[in-house]
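The values are calculated or read from the model by the stated rules, or taken from the named source; none is laboratory data. This is a predicted model, so every value here is computed, not measured. Cβ sites come from the backbone with ideal geometry, for glycine too, and all protein chains shown count toward neighbours.
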Amino acid sequence: MRLLRGEVGVDVIAILAMGGALLLRQYLAGAVIAVMLTGGTALESFASARARRELSALLRRAPRFAHRRQGDAFIDIPVDDVGLGDLLVVKPGEVVPVDGMIHSGTAVLDESSLSGESRPVRLEPGTPVRSGGSNCAGPFELQVTAIASESTYAGIIRLVRAAENSKAPFVRLADRYAFAFLALTLIGSAAAWLASGSPLRALAVLVVATPCPLILAAPAAIIAGISRAARRGIIMKGGAALETLARTRVLVLDKTGTATSARPEVVAVETVGACSPEELIRHAASLEQLSVHPFAPAILAEARNRGLDLSFPAGVEEQMGSGIRGELGGHRVAVGQRRFVAPDSDPATLRSVELRTAVEGSSGVFVAIDGKLCGALLLHDPIRPETARVLRELRAIGIERIHLVTGDHPDVAELVGDVLGVDRVFAERAPEEKVDVIRQLRSEGVLAMVGDGINDAPALALADVGIAMGARGATAASEAADVVLTSDRFEGVAQAVRIARRTRAIALQSVIAGMGLSLVAMSFAAAGFIAPVAGALLQEVIDILVILNALRALGGERGTGAARPELRGLAEGLASHHRSLRPRVSELATLAVQLDTLPAAEARSRLEQLRHMLETELLPHENEEQQTAYPIIEKMLKGENPTGPLIQTHNEIRRLSRLFGRLVEHLPPLGPAPEDLRDLRRLLYGLHAILTLHFAQEDELYSLFRP
């Protein structure tokens, strides 16, 4: 049966060759064949062990014990006995045993086993932590949010074990080649005997005929590719996933959490009356400190970016789905839906906010003080800075069609699709309808689906290759997917495809080269130029060459960010500066809208503040980028220099800022006259548009180098 399945070609040829050597009294040749066959098996074991090194290391790191607080002491317990809400201590050098939240102390973690990025991350109290990271600093306390079996690292280990036990279709194809090669060898051996009348020539053909390149090279290359992917934070569930991913021609993306970050950001602040944007955000953020709403972190982050001091509220009441109320400095503050915060307000007030949220797919959070509507915060889920660049890379390496599928309204989905440059957008699709989309698109070629949530699991399971973003323990998406990106970075998709294609190419190369060398050697043996002993030695040389070639799949070019550690800090710093400047940039458009309604004196004051911001914050930032970051980027990217157009954008920003400054200088002392408003609005809108575009361009560029 094993022979019929094509799994023992090399053994049959070796047995025939050793038997023939004994019959023909070629004892040395027989001994060499036996030694070389044993050596080939040992070489295969070495290759597999070398290729599995990263996978094995990942499994060995799995923590077995945790330190749980019991009274004033900590006791060691098996990690499987950890319960929800337990308080653990993670000592220096230990692996975080379960998912949790930093309870006390600052954690510095090496999450390279999860993300493939070796740079330590610093986490403050209240920050969620995934299991699997190593503590690089002092001890910290961890409050458990998921038991061991449901934590991130346990899920990754399950995926790795599944990957180790899988066999690729390409390897099975190689087995079939080996069976065919066995038949060819027997025919060639018989023909050499009949043509020459010498059984030694038949024996020589048998000796040099080696299907080892098929039996050894393909599995070694596949395992090496899986191991390399694991080192980069990409878990492939076996060779079948890798081989299919290498042939992918169509990519389908989920929107939320995949193309976008799934982390809302404040993009605009609209105010009513005399309430300033800073006052509005300060009140909202102070109240949101005690909220569990998903928008609370975004509002708090906006307050931090603006450097605002928050107060602690009293008498807080939260109504889920509507909003939160509390008292701040003697004032009653409400944050949430308009009907909740100010039910008696004029519906026409801030109607523009509701219209904008409907068109753009953003969300409005209204703020009222003492029952009077003061304004609103606009939040949206931003597209990942690296997404558009990664999609261009995927097209360059062979992905022919890219589609976006989402449950959002078509207007919102089309806006995202336009930014990303996808071929087609499928909007308002429920989970079961996403499955129908996958069935429809599979006719275009081998299809990969990228998603991150429970609603993506059915589509991920149906796709030829399912790719799950950001492993989180035993989530449905991770379990349904064939490839899991343990890092929440979209670059992992392109890395996975590149590794898969390179691995498959190396496996094919090894097989073709090895079989070619074997056929050439068989021809020489049949002609009488190679003796049985020399043939046995030549066979092993071929085996060694193809195995060493297959192990090249362990290596490869490194990513841009990993090869340039000196630029990562600079890029992260400049991107952080962007985050702090964005709120000020959004004020340009907000003030342009409000100029007609503001008192002249207040309008002049706001214009002066913006001019001061442009001259003392924004322009120095642009100059710093051009003088420090751009030369380094140009040097490192060599022939692919994207900074030229960005420098031209800097020049236009300086020009508009200078015009704006001059216009503000010449305003009447009491404020802008009606005839000044048109030019002021034109410059404000122009600056807002070019700065928004420019920041997006630079964020995409810096995403090349950030962890």
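The figures follow:
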{"item": "Scope the stretch 311-338; condition surrounded by 13 or more Cβ atoms within 10 Å (Cβ to Cβ) and within 9 Å of Leu287 (Cα to Cα); matching residues", "result": "Ser311, Pro313, Val316, Ile324, Arg325, Gly326, Glu327, Leu328, Val333, Ala334, Val335"}
{"item": "Breaking point among (1) farther than 26 Å from Glu393 by Cβ; (2) free of Cβ contacts under 8 Å to residues at least 60 places away in the same chain; (3) within 44 Å of the chain's Cα centre (by Cα), for Ile647", "result": "(1)"}
{"item": "Criterion: among the aliphatic types (A, V, I, L, M) and in a loop (DSSP other than H, G, I, E, B) - qualifying residue of Leu300, Leu290", "result": "Leu290"}
{"item": "Tabulated pairs, the stretch 664-681, first closer than 9 Å to Ala600 by Cα, second among the hydroxyl-bearing types (Ser, Thr, Tyr) and surrounded by fewer than 16 Cβ atoms within 10 Å (Cβ to Cβ), C-beta under 9 angstrom, 6+ apart or interchain", "result": "Gly671/Ser605"}
{"item": "Some residue of the stretch 628-640 being surrounded by 14 or more Cβ atoms within 10 Å (Cβ to Cβ), under 25 Å from Phe660 (Cα atoms), in contact with a helix residue (DSSP H, G or I) (Cβ under 8 Å, 6 or more places away or on another chain) and touching a residue at least 24 places away in the same chain (Cβ under 8 Å)", "result": "no"}
{"item": "Some residue of the stretch 209-223 being within 30 Å of Glu386 (Cα to Cα), in contact with a strand residue (DSSP E or B) (Cβ under 7 Å, 6 or more places away or on another chain) and touching a residue at least 40 places away in the same chain (Cβ under 8 Å)", "result": "no"}
{"item": "Count of residues meeting criterion [assigned to a helix (DSSP H, G or I) and either touching a Leu at 6+ places or on another chain (Cβ under 8 Å) or free of Cβ contacts under 8 Å to residues at least 12 places away in the same chain (or both)] in the stretch 536-557", "result": "9"}
{"item": "Single match in Leu646, Leu667, Leu663 (criterion: surrounded by 17 or more Cβ atoms within 10 Å (Cβ to Cβ) and touching a Lys or Arg at 6+ places or on another chain (Cβ under 8 Å))", "result": "Leu667"}
{"item": "First in the stretch 583-598 and closer than 15 Å to Leu614 by Cα, second anywhere and not in a helix (DSSP H, G or I), Cβ under 6 Å, 6 or more apart", "result": "Pro583/Arg306; Ser586/Ala268"}
{"item": "Helices (runs of 4 or more DSSP H) contained entirely in the stretch 20-134, each with at least 2 residues that are in the same structural domain as Asp543 (by TED's automatic domain parsing) and at pLDDT 70 or above", "result": "27-51"}
{"item": "Helices (runs of 4 or more DSSP H) wholly inside the stretch 339-427 that include at least 3 residues being assigned by TED's automatic domain parsing to the domain that holds Ala285", "result": "351-360"}
{"item": "Residue selected from the stretch 423-466 under the condition closer than 16 Å to Ala259 by Cβ and modelled with pLDDT of 90 or more, by the criterion surrounded by the most Cβ atoms within 10 Å (Cβ to Cβ)", "result": "Met449"}
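Yes/no per residue for (1) in contact with a helix residue (DSSP H, G or I) (Cβ under 7 Å, 6 or more places away or on another chain); (2) in a helix (DSSP H, G or I):
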{"residue": "Gly644", "(1), (2)": "no, yes"}
{"residue": "Thr649", "(1), (2)": "yes, yes"}
{"residue": "Val664", "(1), (2)": "yes, yes"}
{"residue": "Pro668", "(1), (2)": "no, no"}
{"residue": "Ala689", "(1), (2)": "no, yes"}
